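Rule-based calculations on the coordinates, nothing more; no lab input. Predicted model only: the values in this text are computed from it and were never measured. Quick reminder, even Gly has a Cβ in these numbers, built from the backbone with ideal geometry, and neighbours come from all protein chains shown.
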Amino acid sequence: MIISASYKTDIPTFYGEWLLNRLDAGYCKVHNPYGGKPFTVSLQKSDVDGFIFWTKNLSPFMGHLAQIHDRAFPFVVQYTINKYPRELEASVVNAATAIENMMTIGQLYGDNAAVWRYDTILFTSLTPFDFHVENFKGLAKQLSGTTNEVVISFAQMYQKTEKNLNLASTKFGFTWEDPSTEEKRNLVKELFRVAKQNGMQLTICSQPELADGGAGAARCVDAERLSRMVGQSIQAKLKANRVGCGCYASKDIGEYDTCPHGCVYCYAVRNPELAKQRRQAHDPMGEFLFESGV
């Protein structure tokens, strides 16, 4: 079983101590986001094939990651580095620190250990088409030789996403749009070319209709990459999380509305204030990431 930690929240940045405590305990518990009973996920070494970590700031987790490596758990880090204005990512660590972390991961664990994510791509008056091209060029140049893949995705306008975008745009005085498919494909072509120049394969997460110019479909939970990390085959079935997803089966141990990064495009946070409250109330010794009363 592959453990995803987590596409619902940034466990490495905010909940690393909890995860190590749960590894010691051999299990964790997760609330059912659809209102059903909570469920238990085994974290016993015999049950875990590896971890996929999703993060925007690995600095607080570097020591924990070394311990996980020492326990012989293979892992891959999906590391988002966007270098967006603060109006869009209120509390995300600066890009220079994130890039340094990516370089360290590559040096310690090899170029299969980390995947750069330039997502979610958001078109605003602060981040138009040309911004993304130049911003991506600068980041790709700095990350060249550190990773062999960059994953992109475009913002999907769920109701909660639109709500948070509208609140932020009113507060900070910017505008946003969901551009045409053609404009998105044109950007994909540009980013693919830049990625290739810097030794990276560009892949697209769950939006195969936008693949163009050589871009492939992303497999964010990737048993094959984990297998390369551990040096032996990890057996897992392909199991999409949503339409267009190419991931292998995994168990996600995160919780919605628990990430206080403050990214206005985030699909996993309906209520930013609730996310902050749950982070403040978090018990690193608890079975759950947060207690159900919060």
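Over every pair of different alpha-carbon atoms in the chain, take the mean of 1/r and invert it; report that Kirkwood radius in Å. Over the chain, the inverse of the mean reciprocal pair distance is 19.5 Å.
Estimated at 0.36 nm per residue, the fully extended path between Gln235 and Thr170 surpasses their Cα-Cα distance by 18.6 nm. Taking a ≥ b ≥ c as the square roots of the Cα gyration tensor eigenvalues, segment 1-109 comes out oblate, since a/c reaches at least 1.5 and a/b does not exceed b/c. Averaged over residues, the count of other Cβ atoms within 10 Å places the peptides 81-91, 163-173 in the sequence 81-91, 163-173, highest first. Annotation: amide H of Val115 within the under-5 Å range of Val77, Gln78, Tyr79, sequence separation 5 or more or interchain, hydrogens built in the peptide plane.
Using the Cβ-Cβ distance between Thr181 and Ala25 with R0 = 45 Å, the FRET efficiency computed as 1/(1 + (r/R0)^6) comes to roughly 0.45.
Hey, can you rank 208-217, 190-199 by average C-beta count inside 10 Å, highest first?
Numbers: 208-217: 15.5, 190-199: 18.3.
So the order, starting with the most tightly packed, is 190-199, 208-217.
Projected onto its three principal axes, the C-alpha set of segment 153-277 covers 50, 37, 26 Å, listed from the longest axis down. Highest average first, the peptides 155-161, 253-259 ordered by how many other beta carbon atoms sit within 10 Å of their residues are 253-259, 155-161.
Taking amide H positions as modeled 1.01 Å from N, with prolines and chain starts lacking one, the residues under 5 Å from Tyr27 and 5 or more places away or on another chain are Leu43. Computed per residue of the chain from DSSP H runs no shorter than four, each worth -39500 (n - 2.57), the mean residue ellipticity at 222 nm is -10500 deg cm²/dmol. Pairs from the table (Lys160/Lys184; Lys189/Lys276; Lys45/Lys196; Lys56/Lys171) lying more than 31 angstrom apart at Cα are Lys189/Lys276; Lys45/Lys196.
Springs between alpha-carbon pairs under 10 angstrom, Gaussian network model over the chain: which of Ala268, Ala96, Ala113 fluctuates most? Maximum among the listed residues: Ala96.
Looking at segment 1-94, the DSSP beta bridges with both ends there are about 30 percent antiparallel. Label separation (Ser59 vs Ala72): 3.5 nm, computed from points 7 Å beyond Cα along the C-beta direction. Only beta bridges with both residues in the chain are counted; by DSSP, about 25 percent of them are antiparallel.
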